[in-house]
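Since the structure comes first, as structure tokens, the remarks are kept for the end.
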Amino acid sequence: MARAAFVTVDTEFLRETTFWPKLCVVQLADDEGPVVIDALAPGVDLAPLFDLMTDETCLKVFHSGRQDIEIFHHLSGHVPHPVFDTQVAAMVLGFGDSISYDQLVQRTTGVVLDKSSRFTDWSRRPLSDDQVTYAIADVTHLRDVYGKLSKDLEARGRAEWLVEEMETLTSPATYAAHPEDAWQRFRSRLRKPRDLAVMMELAAWRESEAQTRDVPRSRVLKDDALVEVATRAPRTVDALGGLRAFPRGYERSRAGQEILEAVARGLALDPASLPAIERERGGAGANPATVELLKVLLRMIAERNAVASKIIANVDDLEQIAADDDAGVPALSGWRRELFGEQALKLKAGTLALAIERGRVVTLERDPGEDGPLPAPKPRRNRGERRPEKVAAPSVD
């Protein structure tokens, strides 16, 4: 397969009882046909597969490949490259936000897939004929989808847009699991510097514990309990055990002692060293009316250019743009800025206006410096107010 120009790739894995995904099956296809690899077979050597994933002469085609890529990165230490993600390509081409594989296959090829084996146990052996058929279908039809989408990207001059997206998808930083960054999952739930300091230590402890034991984070401590510990900051075993969301008896275990130590470390942090607490949505700096106008502009541009609005910007991005012309969001760089960001800034500056024309939202270029403000609306009478009587104009001889 390394001799092929591209291969389509998919994986089947389990993650319900582990922190790291458990790879069960890998399926690939090139122009000569599909291959299904039993990743759990005794003595199987996956080194040739990992070599293929990093072969620069062979393009790897995934659909919604982030989790698949994460698995290869965890097992081999390397990120697959180069990569083409058909879900991202479909968003760039206006197929909607996060279209599923079976829907994309049907819309591009007309084929209706049988997804009855989607939720089977891929760790059980032997694999059934239905499972193998399902696995093969996930990569054989992907060849046709890739062919159509890649041609459409070239025809519409958007191939470079996808290249920018794939740079993020294939960056090792995207898959780095640093315990010290685990607190960011709770950023929106923290309001006080002390809560943030304690959460930074607690979340790092839980992340390290889950990785070491290879269990889901919730098996170590559930999110609600973690947030309660961070906001209440108990200093004693009894105080920890008295928390409503904290598991009964857990406070007297080794983990309970380590949690108290993490709380103490958090309380000892210098507030000046802490990251800025995320403002509440719609808070200071972001004019709610500006955000709403930016939403209208985004939807108009997305529909006009047949691009999924989600890949251009989300609500948080719009709020940051509303508050800061130099916000560090993707919508203000690269192709997004050219498509949407520049117009968003013009709308904020008053040099672009939104209007309705024949039932559709349109933009109007304007120069407040020359034309002055838009004309004020005519005063409206309140409901029930009498219409003024008409007075005849005096005659002139």
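Its relative contact order, with pairs defined as Cα atoms under 8 Å and 6+ residues apart, puts the stretch 1-129 at 21 percent. Within the set of other residues whose C-beta is less than 12 Å from the C-beta of E292, count the net charge using Lys and Arg as +1 and Asp and Glu as -1. Counting the neighbours of E292, the net charge comes to +1. Would you please give the FRET efficiency between S76 and L274, computed as 1/(1 + (r/R0)^6) with r the Cβ-Cβ distance and R0 = 35 Å, to the nearest 0.05? Plugging the Cβ-Cβ distance into 1/(1 + (r/R0)^6) gives 0.45. 3J(HN,Hα) along the stretch 126-138, derived from phi through the Karplus expression 6.51 cos²θ - 1.76 cosθ + 1.60 where θ = phi - 60°, amounts to x, 5, 7, 4, 5, 5, 5, 4, 4, 4, 5, 4, 5 Hz, with x in place of Gly and Pro. Think of the chain as having a plus end and a minus end, set by charges on the Cβ of Lys, Arg, Asp and Glu; of S117, T57, P42, S117 sits farthest toward the positive end of this dipole. Between the stretch 125-201 and the stretch 1-41, the C-alpha centres lie 16 angstrom from each other. The magnitude of the dipole of the stretch 288-371, with charges of +1 and -1 set on the Cβ of Lys/Arg and Asp/Glu and taken from the Cα centre, is near 460 debye. One Cα centroid belongs to the stretch 291-351, the other to the stretch 231-282; the line between them spans 39 Å. Translational diffusion coefficient of the chain at 10 °C, 1.306 mPa s, Stokes-Einstein with Kirkwood Rh over Cα pairs, in µm²/s as a whole number. Estimated via Stokes-Einstein, D reaches 62 µm²/s.
Think of the chain as having a plus end and a minus end, set by charges on the Cβ of Lys, Arg, Asp and Glu; of I321, H74, P234, P234 sits farthest toward the positive end of this dipole. Extension gain, A173 to A239: 0.36 nm times the residue separation minus the Cα-Cα distance gives 19.9 nm. Couplings for the stretch 156-161, taken from phi via the Karplus curve 6.51 cos²θ - 1.76 cosθ + 1.60 with θ = phi - 60°, read 9, x, 10, 4, 5, 4 Hz in order; Gly and Pro are left as x. For the chain, the dipole from Cβ point charges (+1 on Lys and Arg, -1 on Asp and Glu) about the Cα centre works out to 2040 debye, to the nearest 20. Mean residue ellipticity, 222 nm, helices only, the chain: the sum of -39500 (n - 2.57) across DSSP H runs of n ≥ 4, divided by residue count and rounded to 500, is -13000 deg cm²/dmol. For G96, the residues whose amide H sits under 5 Å from its own are A308, ignoring neighbours fewer than 5 places away on the same chain, with H placed 1.01 Å from N. The distance between label points at D51 and R187 comes to 4.1 nm (points 7 Å beyond Cα on the Cα→Cβ vector). Residue by residue, the stretch 237-245 carries 3J(HN,Hα) couplings of 4, 5, 5, 5, x, x, 6, 5, 8 Hz when phi is fed to the Karplus relation 6.51 cos²θ - 1.76 cosθ + 1.60 (θ = phi - 60°); x denotes Gly or Pro. In a DSSP loop and with at most 14 other Cβ atoms within 10 Å, the GluC sites (Glu not before Pro) in the stretch 206-295 are E280. Sorting the segments 165-173, 108-116, 92-100 by their mean number of nearby beta carbons within 10 angstrom, highest to lowest, gives 92-100, 165-173, 108-116.
Rule-based calculations on the coordinates, nothing more; no lab input. These numbers were taken from a predicted model, which means no experiment stands behind them. Here Cβ is always computed from backbone atoms with ideal geometry, including for glycine, and neighbour counts include all displayed protein chains.
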